[in-house]
Structures are given as structure tokens and as C-alpha cells.
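Peer 1: Below: one structure in C-alpha cells.
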Amino acid sequence: MPRPISALIDLPAMRRNLAHARRHARDRFVWAVVKANAYGHGLERATRAFAEADGLALLDLDEAQRARDAGWSRPILLLEGCFEPRDLEVVSALKVTPVVHNTEQIEMLERARLPVPIDVYLKFNTGMNRLGFDARNADGARLAYERMKASTSVAQLTLMIHFANADRAAGVSGPAEAAEQLDVLQAVAGHWPEPRSLANSAALFLRPEVKGDSVRPGIALYGAATDESHTAAQLGVEPAMTLKSRLIAVQTLKPGEAVGYGSRFAASRSMRIGVVACGYADGYPRNAPDGTPVIADGVRVSIAGRVSMDMLTVDLTSAPRAAVGSDVELWGKNLPIDEVANLCGTVGYELMCALAQRLPVTEIN
Ligand SMILES: *Cc1c(COP(=O)(O)O)cnc(C)c1O
């Protein structure tokens, strides 16, 4: 028998999350972001769950090929564009819409001999300072724009930005406010007629003032929060991934005895410890502190002792009926992934993406 751990992926939940995103998007074009193997949910699965999306956004041409192989015939946005000139041949063959964010990519397009012109997203840096032509340098930004307009390789051009702080809590301020980023784009591109692609999940769900013509939600479609100051429930989305396992042993500790590597957790009284078949090699964060919640036998219990490669241990005091074979949920339907992530100093995004390849996946269809 295989280890009793698996990830359960709920496709109808993904479908409902997309429908919810679409209500926020109103008449805007909705790219479902499926990079990183659909945030760990499986690209082919996401291609089915997001059949109602207008397009898929990802950043690896292998993933674009997989989406086409899975029957996806609508647009595909390549979020980091091409890495080398021959990528353009694949982009053209797969009818992918590349982002162009640097001069090297403009040159690739200018030199290319494409059978038909392709749609392109021209990315401007308005304060995130990762990718894009610096929109605060008006001459440089205009030059990039004009070169793309003049290129015979380009069909429809769209202007794109990415927010650094669309999820910033109300009342908190700092650099690169979403409104500032919009102003930076407006200052240089205010009169350019091309459509705009602006919003990620945070801007789409939390900032109705951000408009634009296409939106790019990712995390919300998988039912997790955009940041620590919100919950998935507040956004109105449901978790799509549940990480499940079972208890494979129960130990009784005497007062003063400890459990696991480094003996991080020591019993102050006689107590039962459950051993769960789930460890960091499954994608569970090794730095989960004592107290991180886990559901065992339907009851909230907490991690006691260091997470090992294939096991973790929980204090069963509040779950007296839990025994070998009892069901365990590490995150998902009954325990928000963000709650676990935040206690581990990270975000739901990272836990989803880190789900190990070795895990069997079951689907709700
Ligand atoms: C990942 C990504 C998104 C989606 O972001 P979420 O926070 O998951 O909604 C949108 N746009 C770009 C450019 C991205 O890289």
C-alpha cells in the first residue's frame, strides 16, 4: 500500500472561484494564471477547471505546449516573454502572446521572420522594479512603444503593468502604492490607445478603482488569500487543494520526555502524540513551529516537535479518539492554507507551489 498521503484537488471549486473572479472583472478579459504547474494544482487539471477563462497565463513554453496538448485553443500569455530568439518560433507555432519587457526582446521581434504577426503585451515598470521598460523615463518608454508599433511582427499591442502592493492593508502606506503605479503609467501612456492589462488577484478583488481591459488573477482562483491581512473567505473564494494524510502511530510521552529531532517539544505532563505520514519531502514546511494547527480525526490539534522528512508529530490532547488510521488534514477545506503558511512565515502561494511531485493526487470533478 502507498503511504496514506494525498492531495485532493477540487475542480468545481476552481470553476466557482473563476466565476467569482469574473463577476469582479465584469466585462474585462480574464486570464487565469496557471504558472508553476497551476500553483501546484496541475496544469492539465487547471486547463479543464478554467475552461471558461478567456486565456491562460504562464511563463514556460513547455507549459504552453502542455496546455495546447490538453486542448486549450484560446489565447496563452507568456508572462516573462521569450528568453532567446528561437523561442519566438515556438511562440508563433503555438499562437502564444508573449510579454516584451526588455530591449533584447524587442530586438528578437524586430529580427524575426514570423509567418503571421503576433499579439504582444508590452510591459512597463511603474514601481515594482523587476520587469518592464521604466515608465518614469518617458523617452525610453516611448521609444519601446514606438518600436513595437513599427514592428511588422506585432499584431495587437497591449500595455501591461504589475502591482507591487495591491494587497497592502488599508491605512498602511509605503513605496509603490497601486494608485502611484497607475499614475506613472498614465503620465507616459495616457494618450496611447492600446488596451491595458493591470490587475492581479489583489487588485481585482480588493481595488475596484483599478480598471483596464484584461485582468490576471492567480492565487484567488485556487482559493487562497493574496496576503496576511485578508482571508480567502473574505475574498469569497474556496480552497481547491486539500492535503490529507493519516496517523500511522501514536506515542504516549511521560512528563519530561521529548519527541522528534532536536527534542524541540518536551511533554510537561503525560500526553499522546500522533505521528502523521507527512513531512517536508511532501512539501510541508519544515519550519512549522509548535502550535501550527493540523486537523486529526476531525479535531484541531497542533504540531509538537520538529517536522521531519516524511513525518510530523501532533499533540493529541484535544483529540482523545484519534488513533492509528485516523484521517488528518494538513490544509484545505477545513483549515485555510494561509493560516498554516502565515505561522511558518510564508504565504499560501509558496506551500501550494512546493507540493511534492511524489504525492498522489485525487480529483473532485
Ligand atoms: C503571478 C502573476 C499574476 C497573478 O498574481 P496573483 O497574486 O496570484 O493573483 C498576475 N500577473 C503577473 C505578471 C504574474 O506574474
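The values are calculated or read from the model by the stated rules, or taken from the named source; none is laboratory data. Quick caveat, the model's predicted, so the values are computed rather than measured. As a convention, Cβ positions derive from the backbone with ideal geometry for all residues, glycine included, and neighbour counts pool all protein chains shown. Quick note on the areas: whole protein, heavy atoms, side chains included, nothing else; ligands and nucleic acids left out. Shrake-Rupley method; radii C 1.70, N 1.55, O 1.52, S 1.80 Å.
Peer 1: Which one is surrounded by the most Cβ atoms within 10 Å (Cβ to Cβ), of the residues in segment 341-360 that are touching a residue at least 24 places away in the same chain (Cβ under 8 Å) and within 14 Å of Cys278 (Cα to Cα)?
Peer 2: Here the residue is Leu351.
Peer 1: Sticking with this one: Go through segment 26-60 and count every residue that is assigned to a helix (DSSP H, G or I) and crowded, with 20+ Cβ neighbours inside 10 Å.
Peer 2: Within segment 26-60, residues that are assigned to a helix (DSSP H, G or I) and crowded, with 20+ Cβ neighbours inside 10 Å number 8.
Peer 1: Let me confirm something: among Leu159, Leu122, which residue is more than 19 Å from Phe83 (Cβ to Cβ) and either over 22 Å from the mean Cα position of the chain (by Cα) or in a helix (DSSP H, G or I) (or both)?
Peer 2: On inspection, the qualifying residue turns out to be Leu159.
Peer 1: Checking the condition closer than 19 Å to Ser214 by Cα and either within 13 Å of the ligand (Cβ to nearest atom) or not aliphatic (A, V, I, L, M) (or both), which residue from Ala32, Ala36 passes?
Peer 2: Values: Ala36 fails: closer than 19 Å to Ser214 by Cα.
Just a single option satisfies the conditions, and that option is Ala32.
Peer 1: Test Ala166 against the stated conditions and say whether it is surrounded by 13 or more Cβ atoms within 10 Å (Cβ to Cβ) and not in a helix (DSSP H, G or I).
Peer 2: Criteria met by Ala166.
Peer 1: Now, a different point. Among the residues of segment 1-17, what is the count of those that are in a loop (DSSP other than H, G, I, E, B) and either open to solvent by less than 20 Å² (accessible area, probe 1.4 Å) or among the β-branched types (Val, Ile, Thr) (or both)? Before the answer, list the steps.
Peer 2: Going residue by residue through segment 1-17, those that are in a loop (DSSP other than H, G, I, E, B) are 1-5.
Filter once more, keeping what is either open to solvent by less than 20 Å² (accessible area, probe 1.4 Å) or among the β-branched types (Val, Ile, Thr) (or both): 5.
Total meeting the criteria: 1.
Peer 1: Do we have Ala203 as within 15 Å of the chain's Cα centre (by Cα) and either buried (at least 19 other Cβ atoms within 10 Å of the Cβ) or part of a loop (DSSP other than H, G, I, E, B) (or both) here?
Peer 2: Spelling it out, Ala203 is indeed within 15 Å of the chain's Cα centre (by Cα) and either buried (at least 19 other Cβ atoms within 10 Å of the Cβ) or part of a loop (DSSP other than H, G, I, E, B) (or both).
Peer 1: Condition (residue is open to solvent by 10 Å² or more (accessible area, probe 1.4 Å), within 14 Å of the ligand (Cβ to nearest atom), over 30 Å from Ala150 (Cβ atoms) and at pLDDT below 95) applied to segment 232-242: is it met by at least one residue?
Peer 2: Checked against the condition, which is being open to solvent by 10 Å² or more (accessible area, probe 1.4 Å), within 14 Å of the ligand (Cβ to nearest atom), over 30 Å from Ala150 (Cβ atoms) and at pLDDT below 95, segment 232-242 yields no hits at all.
Peer 1: Quick check on segment 73-99: of everything there that is within 13 Å of the ligand (Cβ to nearest atom) and not in a loop (DSSP other than H, G, I, E, B), which residue is nearest to Leu56 (Cα to Cα)?
Peer 2: Top of the filtered list is Leu77.
Peer 1: Okay, next question. From the list Pro217, Pro255, pick out the single residue that is open to solvent by 30 Å² or more (accessible area, probe 1.4 Å), part of a loop (DSSP other than H, G, I, E, B) and either in contact with a Ser or Thr (Cβ under 9 Å, 6 or more places away or on another chain) or closer than 30 Å to Val324 by Cα (or both).
Peer 2: The unique qualifying residue is Pro255.
Peer 1: Which residue out of Ala38, Ala7, Ala25 is of a type in the set (A, V, I, L, M) and more than 25 Å from Glu350 (Cβ to Cβ)? Can you show your working first?
Peer 2: Details: Ala38 fails: more than 25 Å from Glu350 (Cβ to Cβ); Ala7 fails: more than 25 Å from Glu350 (Cβ to Cβ).
That would be Ala25, the only listed residue that is of a type in the set (A, V, I, L, M) and more than 25 Å from Glu350 (Cβ to Cβ).
For every residue, the table says whether it meets (1) out of contact with any helix residue (DSSP H, G or I) (no Cβ under 9 Å at 6 or more places or on another chain); (2) modelled with pLDDT under 95; (3) crowded, with 17+ Cβ neighbours inside 10 Å; (4) polar (S, T, N, Q).
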position	(1), (2), (3), (4)
Val100	no, no, yes, no
Leu109	no, no, yes, no
Ala112	no, no, yes, no
Asn125	no, no, yes, yes
Met128	no, no, no, no
Ala135	no, no, yes, no
Asp139	yes, no, no, no
Ala150	no, no, no, no
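Peer 1: Would a scan of segment 321-337 turn up a residue that is within 19 Å of the chain's Cα centre (by Cα), open to solvent by 60 Å² or more (accessible area, probe 1.4 Å) and aliphatic (A, V, I, L, M)? Walk me through how you get there before you give the answer.
Peer 2: Restricting attention to segment 321-337, the residues satisfying the condition of being within 19 Å of the chain's Cα centre (by Cα) are 330-333, 335-337.
Checking which are open to solvent by 60 Å² or more (accessible area, probe 1.4 Å) leaves us with 333, 336.
This time we only want the ones that are aliphatic (A, V, I, L, M), so: none.
Within segment 321-337, not a single residue is within 19 Å of the chain's Cα centre (by Cα), open to solvent by 60 Å² or more (accessible area, probe 1.4 Å) and aliphatic (A, V, I, L, M).
Peer 1: Here's another thing I want to ask about it. If a residue must be touching a residue at least 60 places away in the same chain (Cβ under 8 Å) and either part of a loop (DSSP other than H, G, I, E, B) or touching a Leu at 6+ places or on another chain (Cβ under 6 Å) (or both), how many such residues does segment 310-327 contain?
Peer 2: The number of residues fulfilling the criteria is 8.
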